[in-house]
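Engineer: Have a look at this one.
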């Protein structure tokens with residue numbers, strides 16, 4: 001029972017998106033099993049509607065994990081530090097301008 005509560009909750013409160021997604025998934029599994037073992041016919045439109053609800057619910061729930069928490073709407077500026085550039089090679093610009101015509 002604790003597993004089910006943790007699965008459907010988000011930060012201690014029950015998430016309506018997760019609850020609806022779970023119920024639709026449960027109905028899909030019941031319909032699929034009834035069709036497979038007892039030849040109970042499920043309307044294609046109903047089954048596809050449940051599929052879309054489950055896919056959208058999973059997508060929105062996953063997107064919550066990547067969304068900004070809203071703690072601060074302004075970006076935090078970092079202290080500007082001097083950058084250090086290391087020269088690994090030097091380019092000979094004289095070849096570009098035709099100063100060395102070895103041909």
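Engineer: What FRET efficiency comes out for the pair residue 29/residue 76, r = Cβ-Cβ distance, R0 = 35 Å, nearest 0.05?
Structural biologist: Taking R0 as 35 Å, the efficiency between residue 29 and residue 76 is 0.15.
Engineer: Another question about this same structure. When the C-alpha atoms of the range 17-63 are aligned to their principal axes, what extent does each axis show, in angstrom, from largest down?
Structural biologist: 37, 17, 11
Engineer: Counting other C-beta atoms within 10 Å, which of 40, 19 has the fewest, and how do the rest follow?
Structural biologist: So the residues, fewest neighbours to most, are 40, 19.
Engineer: Please rank 23, 30, fewest neighbouring Cβ atoms within 10 Å first, as an exposure proxy.
Structural biologist: Placing the least packed residue first, the sequence is 30, 23.
Engineer: In addition: Within 10 Å of each residue's Cβ, count the other Cβ atoms and sort 33, 86, 41, 21 from fewest upward.
Structural biologist: Lowest count first: 86, 41, 33, 21.
No value in this document is a laboratory result; all are computed from the given coordinates. Since this is a predicted model, take the numbers as computed values, not measurements. Reconstructed Cβ throughout: ideal geometry from the backbone, glycine too, with neighbour counts over all protein chains shown.
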